[in-house]
Every structure is written in structure tokens, then in C-alpha cells.
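Engineer: Please read through the structure below; I'll follow up with questions.
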Amino acid sequence: MLPLTEPEIRASFVNCTKGEAKRLAVPRDLDERPWTDLDFLGWRDPAAAERAYLVAESGSGLVGVTLRAAPQTGRVRRSMCSFCLTTHTGDGVSLMTARKAGREGRQGNSVGAYLCADLACSLYLRGKKDAGRRLDETITLAEKVERTTASLAAFLGRVGGVTLLRSPGPPGIAGTRP
């Protein structure tokens, strides 16, 4: 993923108002993010644990969605992220819901997925962050990245008809902005 700026991030959101996008908490460490290892940018709001955000490259530019994380139960269990298939114990996976874009979202419709609670799927895939256990797989990193971006694309498509870019380039780069 190419490095993003705060104005690009704020302008990308499809399932909230422009006012809400102006007020959301954008990470202050954008210069320090491992952009070449990211397939999408995801983060939690440090001031509101239930708020999360995700920005990805799409066929029409950047697309961002606001997410709500379900309250954590504190139970010890093992769960799997539906994007990267990383298993976590405890509260490492959270049900994240996104209000649909447009009229459907204004009517209260939403979609959800079980995701890594810290939205660091790209780093788990590449072994840059440890979740404790990954499935033993025989597919390549490029195939894992493709599977993750396909799951992300399907989720974003359900949120608002968004199509992600596909890149034939090296693993770790989900696409390039036009």
C-alpha cells in the first residue's frame, strides 16, 4: 500500500457524513507505518474502544469505512479472523460491523465480520506481528495476501458496492492509487 495522508484518509469514508469524517481520530504515526507491508490501513480509536476504521485502495481511489467493535467478553477462547485467518485467544478477534453506505445505511442496515481486533491482518500474514498461532498452510505469501484482499473486497462490496484494485506486483502491495 502507498503511504496515505490525513486529508486522503478523511476524504475516503463512504459510510459516514463529511462532518463525522472530519472528527474521527486519524493515527498520528502515519509516517511510521510499515506501508509496504500493509494491504489496508486499519486502526482503533484510542479514545473510544468501540470505534475502528479501515481504509483500502479501490478501483475508484481510496475507500474508508467506519466500524463498530462489539463489546469484549473477556472469555478465554480461540477465534479466527475472517480476513487473514489468524487465530487469536481471548479478545484478539472482535465482531466489527459497518453501517452500509448510502440510503441503506441511513435506514440502519449494516454488515459485520469477525476481524483481528487491532486490524493488523497484513502484519500477522507476513509474520511481522505474532498472534501466538497461525494455521499451517502450504500456500505462498502472495496467495495468502490474495485471499485476504479478496475477503476484504467482499466485505467492502457488502458495505457499499466497492471494488478493490488487484495488483500483479510483489506481495504486500495490494494496489496503487490512480
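The values are calculated or read from the model by the stated rules, or taken from the named source; none is laboratory data. Keep in mind the model is a prediction, meaning the values are calculated, not measured. In this analysis, Cβ positions are derived from the backbone assuming ideal geometry, glycine residues included, and neighbour counts consider all displayed protein chains.
Engineer: If Pro71 passes every condition in (1) in a loop (DSSP other than H, G, I, E, B); (2) in contact (Cβ under 8 Å) with a residue 40 or more places away in the chain but one, which one does it miss?
Structural biologist: (2)
Engineer: Scan Val159, Val145, Val111 and give me the residue that is at pLDDT 90 or above and part of a strand (DSSP E or B).
Structural biologist: Numbers: Val159 fails: part of a strand (DSSP E or B); Val145 fails: part of a strand (DSSP E or B).
Among Val159, Val145, Val111, only Val111 is at pLDDT 90 or above and part of a strand (DSSP E or B).
Engineer: Taking the criterion of being touching a His at 6+ places or on another chain (Cβ under 9 Å), modelled with pLDDT of 85 or more, surrounded by 16 or more Cβ atoms within 10 Å (Cβ to Cβ) and not in a strand (DSSP E or B), would at least one residue in segment 86-102 satisfy it?
Structural biologist: Checking segment 86-102: not a single residue is touching a His at 6+ places or on another chain (Cβ under 9 Å), modelled with pLDDT of 85 or more, surrounded by 16 or more Cβ atoms within 10 Å (Cβ to Cβ) and not in a strand (DSSP E or B).
Engineer: Next up: Among Leu67, Leu119, which is on the phi > 0 side of the Ramachandran plot and at pLDDT 95 or above?
Structural biologist: Details: Leu67 fails: on the phi > 0 side of the Ramachandran plot.
Result of the check over Leu67, Leu119: Leu119.
Engineer: Is it true that some residue in segment 52-59 is farther than 19 Å from Leu95 by Cα and of a type outside the set (Gly, Ala, Ser)?
Structural biologist: Yes, that holds for at least one residue.
Engineer: Just to be sure I understand, how many residues within segment 1-48 are farther than 23 Å from Arg147 by Cβ and in a loop (DSSP other than H, G, I, E, B)?
Structural biologist: Residues flagged as farther than 23 Å from Arg147 by Cβ and in a loop (DSSP other than H, G, I, E, B) within segment 1-48 amount to 18.
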